[in-house]
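All remarks here apply to the structure that follows.
The values are calculated or read from the model by the stated rules, or taken from the named source; none is laboratory data. Every value quoted in this text rests on a predicted model; they were computed, and no experiment measured them. Cβ atoms come from the backbone with ideal geometry, glycine included; neighbour counts cover every protein chain shown. Heavy atoms of the whole protein, side chains included, go into the accessibility calculation; ligands, DNA and RNA do not. Shrake-Rupley method; radii C 1.70, N 1.55, O 1.52, S 1.80 Å.
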Amino acid sequence: MVGLVGGAARAWRLSDEAAGAGGAASAATEAEHMRRLHGHAPAENQCTSALVKHIKAPVHLVWSLVRSFDQPQRYKPFVSRCVLRGGDLEIGSVREVNVKTGLPATTSTERLEQLDDDEHILSVKFVGGDHRLRNYSSIITVHPESIDGRPGTLVIESFVVDVPDGNTKDETCYFVEAVIKCNLTSLAEVSERLAVQSPTSPLEQ
C-alpha cells in the first residue's frame, strides 16, 4: 500500500503485484508523481483514491492507448461503443460512451479536461449519462521506468466522485476502484501484447 502525500487520498497497489516489489525508491517515486500530478481536493460528500500499475511495455505504447479518448474500448473492457461529438479531438471534446451489461450503468457522457502528450497526462470529467457517478473526475498519468532491465511503464490513475445517497465513502471507493483495476489490468495485457509484436524501444521513448 502506498499513501498519498498529506493523506489526500488512498493509493492501493493492484493485488496482482507484490507489495513493495519496487522497493522504497519505487514507492517514493510513485508518491512524488501523485503529489505533483494527482492533486484532488474532495469535498465533504466526496471520496477520492488512486491506484498504480506497473506494465512491462514502453511508455509510448501504453500512452498511445491511454490518450485514445475517442476509442476507450481499445483497452477498457466495459465499454461497448464510443462516439466523439464534433470533429477533432481537443480539450473540451465530449464523448458518448455505451457501457456493457454487468455494471449499474448504460451510458456515460464524458468531457476531455486535459491531454498532455509531453507529460503524459489525461484527465476526464463525467458530465452526464445513466449512472450514479456524479461529479466524477479522473486523472491518469504514465511514466517511464525500468522493469527487469527492460523498458516499462508506471501508470497511476486517481479519481474524485460524489458519494451517492445511501452509500458510504468506502462503498463508493470500492466500486470505482474495482472498475479501474479491471481497466488497468486490461491496459497491461493489451500493452504487453503490443510490446511483444513491436521492436524493443528505448526507455526514454
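Test Val155 against the stated conditions and say whether it is of a type in the set (A, V, I, L, M), crowded, with 17+ Cβ neighbours inside 10 Å, under 20 Å from Arg95 (Cβ atoms) and touching a residue at least 12 places away in the same chain (Cβ under 8 Å). No: the conditions fail for Val155.
With the requirement that a residue be acidic (Asp, Glu) and open to solvent by less than 10 Å² (accessible area, probe 1.4 Å), what does the range 158-199 give you? Working first, answer last.
We begin by selecting, within the range 158-199, every residue acidic (Asp, Glu); these are 162, 165, 170-171, 177, 189, 192.
Correct list: Glu177 only.
When the range 82-141 is filtered for residues that are within 26 Å of Glu171 (Cα to Cα), in a loop (DSSP other than H, G, I, E, B) and under 15 Å from the mean Cα position of the chain (by Cα), only Tyr136 remains. When Leu65, Leu154, Leu61 are screened for being more than 19 Å from Lys181 (Cβ to Cβ) and at pLDDT 95 or above, only Leu61 passes.
Inspection of the range 182-204 identifies no residue that is within 16 Å of Lys76 (Cβ to Cβ), assigned to a loop (DSSP other than H, G, I, E, B) and in contact with a Ser or Thr (Cβ under 7 Å, 6 or more places away or on another chain).
If I filter the range 59-66 for residues that are open to solvent by less than 60 Å² (accessible area, probe 1.4 Å) and not in a helix (DSSP H, G or I), do I get at least one hit?
no
Taking the stated definitions as given, is Val190 of a type outside the set (Ser, Thr, Tyr), farther than 25 Å from Gly92 by Cβ and touching a Phe, Trp or Tyr at 6+ places or on another chain (Cβ under 7 Å)? It is true that Val190 is of a type outside the set (Ser, Thr, Tyr), farther than 25 Å from Gly92 by Cβ and touching a Phe, Trp or Tyr at 6+ places or on another chain (Cβ under 7 Å).
The single condition among (1) more than 13 Å from the chain's Cα centre (by Cα); (2) farther than 20 Å from Val161 by Cβ that Cys47 does not satisfy is (2). Going by the structure shown, is His143 touching a residue at least 60 places away in the same chain (Cβ under 8 Å), within 25 Å of Arg193 (Cα to Cα) and in contact with a strand residue (DSSP E or B) (Cβ under 6 Å, 6 or more places away or on another chain)? In short, yes. When the range 101-132 is examined, which residues are found to be free of Cβ contacts under 8 Å to residues at least 12 places away in the same chain and open to solvent by 50 Å² or more (accessible area, probe 1.4 Å)? Selection gives Thr101, Asp118.
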